[in-house]
Amino acid sequence: MTAFAPLQNDTFLRACLRQRTEYTPVWLMRQAGRFLPEYRALRARVGSFLDLVSQVELATEVALMPMERFGLDAAILFSDILVIPEAMGLGLSFLAEEGPRLAQPVQDDAAVAGLHVPDLEKLRHVLDTVRATRIALAGKAPLIGFAGSPWTLACYMVEGSGSTDFRTARTMLYRRPDLLNRVLRVNADTVASFLNAQIEAGAQAVMLFDSWGGVLSGAAYEEFDLSPLRRVLSRLHREYDGVRIPRIVFAKGAGNRLQHLSKLDCDVIGLDWTVDLQEARAVLGPTKALQGNLDPLALLAKPAVVEAEASKVLRAFGPVHMGVGEGATHIFNLGHGVHPHTPPEHVAALVDAVHGHSKSLRRAAAR
Ligand code: CP3
């Protein structure tokens, strides 16, 4: 086993576990991506996004790019949720301007019967990237591993591409719930083993991206989204090497389902920008840390506006826990990924504003 460098900044991990921090930690979904000119240059040189993801040294370099530019409190593995369907043999490609495409969508009895938990060796490059990224970070900030939720993966696997409403997947839900349930079970078992392998490779927190729960009806959300998600959560390593591994669930579009989320066996709930943080805190605050939720498009306005909007999000969350033990904590993030047109200087302004404002709010509260 590699002895990793000691962690110098545990602010993010402490906030995940609802412990006091000196300031509000911040990281951004898609912080390593197209808004960075150095990312675009590397991708152009290498050829494609999938080439970047599949080569350990390059994926590691990309994950480190935003860490070198900004004072972020966490790094995230550079990969994609769709490496799982790729490992299952569904044939992943990314078409320019069109997003992901799976050559063999899972739409009938035969395709569903042929679906199995893949050998984790097929995902070896991702696990190697986790280890290499953790080493390259050298303890500067913790590393987040991730996977898609079983339902979000099923959306792409059944549809075969992105969509605004995933109608093929939702139709299967009503016509052939038996087929969908088998897909979800295979996904849940795959996601649980993959995340555990990421933890063993060096991930210090894990995040489940549930990007598409919002397209489901209330009853369907319970059966086809939360139930397989609970199966994943129940299997994850709670600690590794004697250290707690916080679990984050990003629940996009689930602002009207906070009660359900409060019962999940996870430490942090990630919220999109449509959710009122005060309301979310009233329901989730007693048991979960909250992560979010600045509108990513706010970053397209000038830095003074970015700072003001950051301050609004901090104030919407309200006073954070400052005593011993556990209490309400906030991890600053966007409500979804960084928009590719975001000027990097605006991200720098955001990170500084979150750190600065959250320190002054704590000082004012202590007085
Ligand atoms: O920086 C990070 O956040 C870590 C890496 C990461 C990527 N994708 C890299 C990526 C993470 C955590 C993801 C998650 C992901 N991927 C989700 C869940 C979060 C969400 O956005 O709702 C989903 C649904 C996907 C699937 C996916 N990957 C789509 C739909 C697309 C195309 C649309 C888009 O935003 O580009 C991708 C491509 C992708 N994944 C890129 C990156 C950096 C862009 C690749 C490029 O064009 O260079």
(message) Check which residues have an amide H placed less than 5 Å from Met207's amide H, if you skip close sequence neighbours.
(response) Gly145, Phe146, Ala147, Ile248
(message) With angles folded into 0 to 90 degrees, how steeply does helix 124-137 sit against the dominant principal axis of the chain? Use alpha carbons for both and round to 10.
(response) 10
(message) Is the C-alpha gyration tensor of region 93-155 telling us rounded, prolate or oblate? Criteria: a/c under 1.5 is rounded; beyond that, a/b larger than b/c is prolate, otherwise oblate.
(response) prolate
(message) Tell me the net charge near Val249. Cut-off is 12 Å between Cβ atoms, Val249 excluded, with +1 for each Lys or Arg and -1 for each Asp or Glu.
(response) +2
(message) What are the ³J(HN,Hα) couplings of region 246-257, residue after residue, when phi is run through the Karplus curve with 6.51, -1.76, 1.60 and θ = phi - 60°? Round to Hz, x for glycine and proline.
(response) x, 10, 10, 10, 8, 10, 5, x, 10, x, 8, 10
(request) Go ahead and estimate [θ] at 222 nm for the chain from helices alone: -39,500 (n - 2.57) per DSSP H run with n ≥ 4, summed, over the residue count, rounded to 500. (result) -13500 deg cm²/dmol
(request) Could you work out how far apart the two model spin labels at Leu120 and Glu68 are, taking each label as a point 7 Å from the Cα in the direction of the beta carbon, and quote it in nm? (result) 3.1
(request) For region 11-366, just run the numbers: alpha carbon Rg, then divide by 2.2 N^0.38 Å, N being how many residues it has. (result) 0.95
(request) Rounded to whole Hz and in sequence order, give me ³J(HN,Hα) for region 327-340 from the Karplus expression 6.51 cos²θ - 1.76 cosθ + 1.60, θ = phi - 60°, writing x for Gly and Pro. (result) x, 6, 10, 10, 10, 6, 7, 8, x, 7, x, 4, 6, x
(request) Give the distance, in whole Å, between the Cα centre of region 8-23 and the Cα centre of region 227-272. (result) 18
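Going by average Cβ neighbours within 10 Å, how do the peptides 235-242, 292-299, 88-95 rank, with the highest at the top?
Numbers: 235-242: 12.5, 292-299: 21.5, 88-95: 16.2.
Going from most to least packed, we get 292-299, 88-95, 235-242.
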(request) Starting from the amide H of Ala328, placed 1.01 Å from N in the peptide plane, find each other amide H under 5 Å away whose residue is 5 or more places distant or on another chain. (result) His321
(request) Quick one: which residues, 5 or more positions from Asn293 or on another chain, have an amide H under 5 Å from its amide H? H modelled 1.01 Å from N in the peptide plane, none for Pro or chain starts. (result) Asn333
(message) Using the basic label-point model (7 angstrom from Cα toward the beta carbon), what is the Arg185 to Ala304 distance in nanometres?
(response) 6.1
(request) Mind counting lysine pairs for me in region 11-366? Cα separation below 25 Å, and the two need to be 8 or more apart along the chain or on different chains. (result) 10
(message) Could you give each residue of region 155-170 its phi-based ³J(HN,Hα) in whole Hz, using Karplus coefficients 6.51, -1.76, 1.60 with θ = phi - 60°, and x for Gly or Pro?
(response) 3, 6, 5, 7, 5, x, 6, x, 6, 8, 10, 6, 6, 5, 5, 6
(request) Just grab the label-to-label distance for Asn9 and Phe94, each label 7 Å out from Cα along the Cβ direction, in nm (one decimal). (result) 2.5
(request) Go ahead and run the numbers for FRET between Ala316 and Ala138, Cβ-Cβ distance against an R0 of 35 Å, rounding to 0.05. (result) 0.50
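Coordinate-derived values only; no laboratory data. For clarity, every value in this text was computed on a predicted model and none was experimentally measured. FYI the Cβ positions are ideal-geometry reconstructions off the backbone, even for glycines, and counts take in every protein chain you see.
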